[in-house]
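Taken together, the values in this text are just the output of simple stated rules run on the coordinates, not laboratory data. As the structure is a computational prediction, the values presented were derived from the model and not from experiment. All Cβ positions, even for glycine, are placed from backbone atoms using ideal geometry, and neighbour counts span all protein chains on display.
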Amino acid sequence: MMAAQWHKVINDLLSNKTRTVLIILSIMVGLFAVGTIASARYILSVEMAKAFAQINPSSGVIRTVQPFDSDFIQSVRSMPGVEEVDARRMISARIKVNDGDWTNITIYAVDDYQNMRVNKIFPQEGAFPPPNKEILIERVALNVIHARIGDTITIKLPNEKLRTMRIAGTTHDMAQLPAQIDGTPYGYISTETLKWFGEEYGYNELQVVAVKKEDKKAVQELINEIKDKAERAGYVIPISMTAEPGQLPLDDVLQAILMLMGVLGMLALFLSAFLIINTISALLTQQKRQIGVMKAVGATTVQIMRLYLTLVLFYGLVALMLAIPLSITGARTLSALMASLFNFDLNQMYIPVSSYLIQIAVGLLVPLLASIYPFLANLRISAAEAMSSYGATVQPKRDIIEHLLSGSNLWFARYTVRRSLLLSIRNTFRSKGRLLLTLFTLTLAGAIFISVFTIRASLMRTVDDLMAMWGFDVMINLTRPYRTERVTQEAWRVPGVEEVDSWSMFPARRIRPDDSESVPIYLFAPHIGKGLAASPTIFQGRWLLPEDENAVVVSSTLIKEEPDIKIGDKIVLKVNGKKHHFQVVGISMGFSLPMAYTSNDYALRITNNVGYAETVLVKTSNRHPQYIDAVGKALEKHFEQVGISINAATTMQEERSEAEAMFGIITSLLLFMAVLLALVGGLGLMGTMSINVLERTREIGILRAIGAANIGVAWVFILEGISIGGLSWIFSALLAAPISKALSSATGTALIGQPLTFTYSMAGLWVWLLLIITLSALASYLPARGASRLTVREVLAYE
Amino acid sequence: MKTNHLQLQSPLIRLRQVVKKYNGIAGEVTALKGINLELHSGEFIVITGKSGAGKTTLINMITGLDRLTSGEIWVEDVPVHQLNPEQAARWRGRHIGVVFQSFELLPTLTLVQNVMLPMDFARQGTLKERRERAMFLLEQMGIAEHAHKPPSAISGGQQQRVAIARAMANDPPILAADEPTGSLDSVTADSVLQVFEHLAANGKTVIVVTHDEDTARIASRHIVLADGEMIREAEDGK
């Protein structure tokens, strides 16, 4: 047997199923969002790192011009501070699938695929290890080159030899940037195949794992020691790299994603808390009269609170039971989506206990805390006041809003034939506390939604800015420097070419004041004041001038690596093995890699390359992408015919696609978040507004009793819903500006070391308006329609 | 004489200079203007007056449903005017049963559960005893066969009987009813008033507020209010 008060709890839950479902749904969507984001954030940050650790990632990589042998590997392995060493041969070649076009490919030759020690490559499909005279392709790269296992490809080697081979299978190589992002496919061959290629036996890439792999400085010192050792042995080292401890290949992007997920997760938490507060507040307002009755028959505050807290806890508990499995699925789907974009497999998508705890805390504690204010508001008044239908005994205060909405001021309403409009406007502001709470919740949901769109728009605008420098359509990289006059003349011979320019790019390093070396820097040397390369977006200082000698503009991505560099500083760059002094005159927008710019004349002079160029830039007479593509291919063909060896020919459209692909991971996440938040905001809004309407079922009865038709009643509520939705949209639009500005700054700082180019998304603004108006109207109409179906007697008896 | 006999005892309820003011949109309204009144145990008091006379306010003051602006209300030795809402609820649960014009039964509880509710709050007896008492009271009111129905399934008169049964749940010495027949037809209203009469005859102090002067005929004492003041007092239905 159960006390009557507990029957009330159960019957309250069961008697108004619509209300119960709406409340549970409102709480559930909030919990779902919080759980999904918290778990996905954990999976991505921890599980991806675990998956990455399986390949035993290198702390640093050193490439040599001359091949080295296993004796050198052994000598490095015996050095103090070295935990493990492995080596492979890397070849940059060109590839053609069936009768397609030539594209770049990086091919690795490994001695023993089964016993790799560092940057391990795993089999995916087909043969493994690669059979003789056959090639394996990285699994993501297979789509990039539009090939399938079993297809035949032709490879053009640096030694000009052509080899036709079969794709025998695919591999999974987590140490490389995914091919869809950097545009370069990766292939894997055996050392026997290397001989068949006509290449000299030996390695040219040394992969080192440091004992102190977590200590960035110690890793850098170790790599420098190994480089010294290699140079003493006569090897020329064009490039060496060190990784941030435990850092994945796309760590900048991952960090930006984790940051965004963290911030959006907090906002979703905040949003769901307000949804819950709003929902519980609506419920208690609805039960005000019953609270009064219970007080009248002797119930104490504690007894009433216990009843309602039990009710609230039940809502939270059911919402939790639904939200937890849904959020596990959501988190795993989101993580799998992100992991596939990063080219990772997440075998064990462990949901952390903390995620459950957050959901339990939000699901149970927030509703309880949320009940405190409405409880105090309802319990403070006397039993007589609580039971008074029209609140005659409370002390109403006339405020500015009420004054403005009084009959004398709503002058426009006097001239409308729709008295319902007047009723809707006044109803909107009748319960200002509730209105504020609803508005706050909707405003927050809208602001986050618009912010997500704004970050996306800012990312795209940033890509535009990044591309602003490229005033050309096709870029042709040559295998070695050619006479500038010759290559430009040959380019002019190709139909469709409107302008020709050239520049050079040199691998460089900064020599810091303490003689330590920086990561590799790409030093571009465009023609200044003429030619096709315009100024990149400058954040600080200025772009190069024709009269500049040793001036250099550094990218924000270089500043991220070398944060001590300031405008006006004199820095030392090691170019082609020699140290040169440069003065920093500006900081430009950069992306992905550390870059610097200096004048073409000066760079060629200091590197003894005057009159030579390594890169040809072409502007076409028609900007249509297909036309540009055709001109690019024609240039490649013509250069081959005249004996100019090409390393790569790229159209700017391809470059843009690659930049967009890099941002694409973030924009995919943002779209997922936008949908999630629209769901939370939308369903929450529907729940809250529907409860608001249900609360006024008696009013619907009165309207119908005095002759209002169903459609007339519905309009009162639809207009009220739209008024609230519209008001919240205005506030959302305003609040979205600071939120999205802060988020795009943080995203930009994580990605490119500088805030993104902020672009407020008008699309996001209008999409949210459409959503909020539709949802407001629906959320008001559906319950009003339900109430209209009751008889007047039933409605007036409604509690 | 019954009334004279009652008046020899010390009063059960004493009101001294009771004033209640409200602040409304139109400014301050004085609903009760210094009421002095003594009510005795076993009396059946009917308070009448026109709309706005202060009848409901007076009964809300006596039952502790609302707080007075100034003055004193004593029920036996309890200074009701000094009770905070919490203490008032606890005290009311055991000492006063309240009946409202619109019954105010909780719609999500059955009739028997509605009657059990005050016993739950006052923690009276075991659950079995509460149920038995609730059924006993419903039987007394002649509606035991509907005990497991929701309030919406019975007529207004029956609902008011359930409300009286609920008011009697903790066997309080005082029963206060605000317009208990206001929502009922005359035949049903008479039957409800008979219940009150019967309760008064059994020693309960019954206070009924109504705008219907005819109700006074069954009362042992009739008080008339106008503009927040007591303008007439009569005994034995006069």
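Here are a few things to note about the model shown:
- Pair A:Gln114, A:Asn98: separation of 7 Å Cα→Cβ label points (nm): 3.5
- Sorted fewest first by neighbouring Cβ atoms within 10 angstrom, A:Met116, A:Met338 come out as A:Met116, A:Met338.
- Scaling against 2.2 N^0.38 Å puts the C-alpha radius of gyration of region B:68-145 at 1.31.
- Relative contact order of chain B: 28 percent, from C-alpha pairs under 8 Å at least 6 residues apart in sequence.
- Counted over the protein assembly as shown, the DSSP beta bridges are approximately 75% antiparallel.
- Rounded to the nearest 10 degrees, the angle from helix B:127-140 to the longest Cα principal axis of chain B is 70 degrees.
- Residue by residue along B:160-171, Cβ atoms of other protein chains within 10 Å of the local Cβ number 1 on average.
- Here's the picture: charge each Lys and Arg Cβ at +1 and each Asp and Glu Cβ at -1 in the protein assembly as shown, and of A:Ser371, A:Ala243, A:Ile226 the one pushed furthest to the positive end of that dipole is A:Ser371.
- Ordered from longest to shortest, the equivalent ellipsoid semi-axes for the protein assembly as shown are 85, 29, 24 Å, each the square root of 5 times a Cα gyration tensor eigenvalue.
- Peptides ranked, highest mean first, by Cβ atoms within 10 Å: ranges A:189-196, A:131-138: A:131-138, A:189-196
- Candidate lysines for bridging to A:Lys432, where Cα separation is under 17 Å - those fewer than 8 sequence places away on the same chain excluded: A:Lys288, A:Lys397
- Of the DSSP H helices in chain A, those whose Cα atoms cover at least 30 Å axially and whose Kyte score averages 0.5 or more: A:17-42, A:251-286, A:301-342, A:432-467, A:652-695, A:710-752, A:762-788
- This model, with +1 at the C-beta of Lys and Arg and -1 at the C-beta of Asp and Glu, gives chain A a dipole about its Cα centre of some 3820 debye.
- A cut-off under 9 angstrom between Cβ atoms defines the neighbours of A:Glu244, and their net charge, with Lys, Arg +1 and Asp, Glu -1, is 0.
- Rounded D (µm²/s) - region A:12-170, Kirkwood Rh over Cα pairs, Stokes-Einstein at 10 °C, 1.306 mPa s: 79
- Considering helices alone, the calculated mean residue ellipticity of chain B at 222 nm is -10500 deg cm²/dmol, with DSSP H runs of length four and up weighted by -39500 (n - 2.57) and normalised per residue.
- Restricting region A:211-285 to GluC sites (Glu not before Pro) in coil, as DSSP defines it, with at most 16 other Cβ within 10 Å: A:Glu214
- FRET efficiency estimate (nearest 0.05) - Cβ-Cβ, A:Gln540 to A:Ser354, R0 51 angstrom: 0.80
- Lys/Arg +1, Asp/Glu -1 at C-beta; chain A dipole; positive extreme among A:Gly262, A:Trp766, A:Ala779: A:Ala779
- Scanning residues 5 or more positions from A:Tyr612 or on other chains, those with amide H under 5 Å from its amide H are A:Thr484, with H placed 1.01 Å from N in the peptide plane.
- Theoretical ellipticity at 222 nm over chain A - DSSP helices of four or more residues, -39500 (n - 2.57) apiece, nearest 500: -17500 deg cm²/dmol
- Förster radius 22 Å - calculated FRET efficiency between A:Ala233 and A:Asp515 (Cβ-Cβ, nearest 0.05): 0.55
- Neighbours of A:Glu660, meaning other residues whose beta-carbon lies under 11 angstrom from its beta-carbon, give a summed charge of -3 when Lys and Arg score +1 and Asp and Glu score -1.
- Cross-link reach is defined here as a Cα-Cα straight distance under 20 Å, omitting same-chain residues fewer than 8 places apart; for A:Lys156 the lysines meeting it are A:Lys96, A:Lys133, A:Lys195, A:Lys633, A:Lys637.
- Inter-label distance, nm, simple model (7 Å from Cα along the C-beta direction), B:Arg123/A:Arg493: 10.5
- Within region A:504-543, the percentage of alpha carbon pairs spaced more than 10 angstrom apart rounds to 75%.
- R0 of 22 Å, Cβ-Cβ distance A:Asp251-A:Ile149: FRET efficiency to nearest 0.05: 0.10
- Measuring how big region A:227-287 is from its alpha-carbon positions, Rg and Dmax come out at 26.3, 87 Å.
- Only Lys, Arg, Asp and Glu carry charge here, each on its Cβ (+1 for the first two, -1 for the last two); on that basis chain B has a dipole of about 500 debye about its Cα centre.
- Each of B:Arg133, B:Arg232 has some number of other Cβ atoms within 10 Å of its Cβ, and from fewest to most they run B:Arg232, B:Arg133.
- Working from Cα pairs under 8 Å separated by at least six residues, relative contact order for chain A is 17 percent.
- Cβ-to-Cβ counts within 10 Å put B:Asp178, A:Asp629 in ascending order as A:Asp629, B:Asp178, the fewest first.
- Distance (nanometres) between label positions extended 7 Å along Cα→Cβ at A:His624 and A:Ala377: 6.4
- Nearest-20 debye value, region B:69-155 charge dipole, Cβ charges on Lys, Arg, Asp, Glu: 300
- Structural descriptor for region A:85-148: relative contact order 27 percent, calculated from alpha carbon pairs under 8 angstrom and at least 6 residues apart.
- Inter-chain shielding of B:101-111 (mean C-beta neighbours from other protein chains, 10 Å cut-off): 6
- For A:Lys50, a cut-off of 20 angstrom between C-alpha atoms picks up these lysines, skipping any fewer than 8 places away in its own chain: A:Lys120, A:Lys212, A:Lys213, A:Lys216.
- Amide N of region A:466-492 lying under 17 Å from the label point, which is placed 7 angstrom from the Cα of A:His638 along Cα→Cβ: A:472-478, A:483-492
- Put simply, the Cα atoms of chain B extend 45, 42, 37 Å along their principal axes, the longest span coming first.
- Proximal charge balance of A:Ser70 [Cβ under 13 Å; K/R count +1, D/E count -1]: -1
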